[in-house]
Every structure is written in C-alpha cells, then in structure tokens.
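What follows draws every value from the coordinates through simple rules; no lab data is involved. Since the model is a prediction, treat every value here as computed from it, not as a measurement. Here the Cβ is made from the backbone with ideal geometry for all residues, glycine too, and neighbour counts use every protein chain on show.
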Ligand SMILES: Cc1cc2nc3c(=O)[nH]c(=O)nc-3n(C[C@H](O)[C@H](O)[C@H](O)COP(=O)(O)O)c2cc1C
C-alpha cells in the first residue's frame, strides 16, 4: 500500500531531522587567535563521563583548529544574536576575524584556552575526547570539563521565556520554541 508520503532526495534527507538546536563553537589556533563556527549538528553522547559530539566538515577552518589544539567550547546562543549566528555560519575564520566582525564578546574560559561567548545563555567547555570520520564530516567528541549558564535562563532546565534558543530549520530559516511545557507523570 502506498504510504502517500513524498519522496525526499537522499542528499537532503538529513533535513527530516531538523529543526536542530544551533550552537556556536569557539575554538582557537595554537597562537591563541579565536574563531567561531555555527553548528546545527551537536548532541550529548554520554552522561558519565559527560561527553558531547559535534560534526564538522574537514574544509572548515574550525576543523583545523580543533584538530590542532584539542579543545573547544560549546556556547548556546539565543534569538537576540541570530544575525551573528548566521554570520558565523556563512563566512570562514580563514578570511575574517569573526569576533571582530560581529558584536560578540570573547571572555576567558575557566578550564580551556578558547574563549567563551558572553552573549550566549550557557557554556560547555570541552577537551577533545576522541574523533572519527563519518562520511564527509568529522565527529569531534568533547569531554565537558566545565558547564555554566545564566541564572535566569537555566535552573535544572531552561526557562524558555528567558532563554529564547535557536533551532535551524534549513538554509537561512530558524525557529525558536514557544514556551509550552508538558510535565508528565507515568
Ligand atoms: C545554521 C547553520 C548550521 C551549520 N551547521 C554546521 C554543522 O553542523 N557542521 C558543519 O561542518 N558546518 C555547519 N555549518 C556551516 C559552517 O558554520 C560554515 O561553513 C562556517 O562558515 C565555517 O566557519 P570556519 O571556516 O571559520 O570554521 C552551519 C551553518 C549554519 C548557518
């Protein structure tokens, strides 16, 4: 029996998994010069030890930086910096100093060399735990060594009225969550 569903080209089938939570990863060169990359492909992979994976194409400048220094920071952006998030995902740190080009403030991290981004609601500082190639991307697995968040944005869970997080639908299209929380008891 025909499912009635539309066939999706395999090269864009990943979009069936979107909207994906957008993160800004900050990383740095061996000379300390920082860079930012916008990513939609990020996920937790282990609670103990606390591990998180990001998937980055080898041609990205940030790939070279993380490969070289083995450290990165996952910053959780909010809607008020959406333009900066798109910029971070459309130009390369090979050509631009992204911290200078956009209005984002680098601050020292607690435990790694790349800076954190002040305007983001939450921060996960990571040491590179492992990495492996998956097709045309590399999955970098980070061990979280420090995590902190804006008080008004997060207490055990996000306050979605305060932290209007960004989700990537595809292309230049983004959504945020309408704060409707369902707490279930089973
Ligand atoms: C919303 C959004 C999500 C993105 N997600 C990813 C991703 O998950 N992995 C990736 O390799 N590139 C992703 N990109 C593309 C990179 O952010 C983009 O190529 C960036 O310019 C690379 O910067 P760099 O060369 O300074 O590292 C995304 C771009 C946008 C706008």
For this session: Among 37, 81, 8, rank each residue by its count of other Cβ atoms within 10 Å, from fewest to most, as a rough exposure measure.
Result: 8, 81, 37
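Under the definition of Cα pairs under 8 Å and six or more residues apart, what whole-number percent is the relative contact order of the chain? Intermediate values should be presented prior to the final figure.
Details: 357 pairs, mean separation 45.0, N = 186.
Computed over the chain, the figure is 24 percent.
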Exercise. Summing -39500 (n - 2.57) over the DSSP H runs of n ≥ 4 in the chain and dividing by its residue number, what mean residue ellipticity at 222 nm do you reach, to the nearest 500 deg cm²/dmol?
Worked result: -2500 deg cm²/dmol
Problem set entry | Quotient of Cα Rg and 2.2 N^0.38 Å for the chain, N being how many residues it contains | 1.06
Exercise. Between residue 152 and residue 33, how many nm apart are label points set 7 Å from Cα along the C-beta direction?
Worked result: 3.7
Exercise. Using the alpha-carbon centroid of each, what span in Å lies between region 99-164 and region 1-44?
Worked result: 16
Exercise. Gap in Å between the Cα centre of region 50-73 and the Cα centre of region 82-97?
Worked result: 16
For this session: Report the residues of region 21-48 in range of a label on residue 132: point 7 Å along Cα→C-beta, backbone N strictly under 14 Å from it.
Result: 45-46
Exercise. Under a point spin-label approximation (7 Å from Cα along Cα-to-Cβ), what is the residue 5-residue 181 distance to one decimal in nm?
Worked result: 3.2
For this session: For a footprinting-style exposure proxy, rank 46, 3, 55 by other Cβ within 10 Å, fewest first.
Result: 3, 46, 55
Problem set entry | Distance in nm between pseudo-label sites at residue 143 and residue 17 (7 Å out along the Cβ direction from Cα) | 2.5
Problem set entry | Burial ordering of 94, 164, 60, 156, fewest other beta-carbon atoms within 10 Å first | 156, 94, 164, 60
